[in-house]
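Worksheet: the structure to be examined is printed underneath.
Readers should treat all values here as calculations from the given coordinates under stated rules, not as data from a laboratory. Since we're looking at a predicted model, the values are computed, not measured. Glycine also receives a Cβ, built like all others from the backbone with ideal geometry; neighbour counts cover every protein chain displayed.
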Amino acid sequence: MPRIENGKEVLSWCLWDSITLGAADVTATLFTSPQGSGAKTLYNTNMKEAGKLPWPDEFTFEGVRFFSTFDQTAAGMVLLMKGTLSLVIGAKSYLDVPLFRIPGASGLSIVSQDDTTAATTTYGQSGVPNQNSLYTFAVPLTLEPGEVFRAELRWPVTPGALLFWIAFDGTLRRAIQ
């Protein structure tokens, strides 16, 4: 049973969104395309509206994770980590941080396998499974009902075509259902 405060359910929650970069892209904006737009499903995002939560929901940002598909080369992961993330609420940025500071669940993890029966395979991911290793907000930030937000990513050079996710961990307060 969820906790109830001021007529709302209070839940530990994660807001996530994903995007596929094109081979030449150096910017990306997330949390602006909800499920059902394009080919987005629950796998890609849990946003139900473009850039905001359903009324009267509110969300307190407590941490952020960044991760990409697991088929990146070591060189691709290095380029990927040279980007920056901004969390914009309304017209104001509340977080500007380099991607190398934002683990998927830990730090950068690269594995290379040299098999005599196949070509060398290298892949990377942003972290090894460890739920305790998370970029946390020193001061939690609350998205009030109706406020618009987005995550903006920028790179000095393209990291290449890839699929990645941004996930914000925190507390959701929503209407009792």
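Overview of results
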{"quantity": "Taking Arg174, Arg3, Arg150 and counting other C-beta atoms within 10 Å, the order from fewest to most", "calculated": "Arg3, Arg150, Arg174"}
{"quantity": "Neighbourhood net charge (12 Å Cβ-Cβ; Lys/Arg +1, Asp/Glu -1) for Ile4", "calculated": "+2"}
{"quantity": "Placed amide H near Ile19: partners under 5 Å, 5+ positions off or other chain", "calculated": "Phe164"}
{"quantity": "Fewest-first ranking of Asp96, Asp57, using other Cβ atoms within 10 Å as the exposure measure", "calculated": "Asp96, Asp57"}
{"quantity": "Qualifying trypsin sites (Lys or Arg not before Pro) in the stretch 22-90, DSSP loop, other Cβ atoms within 10 Å at most 12", "calculated": "Lys48"}
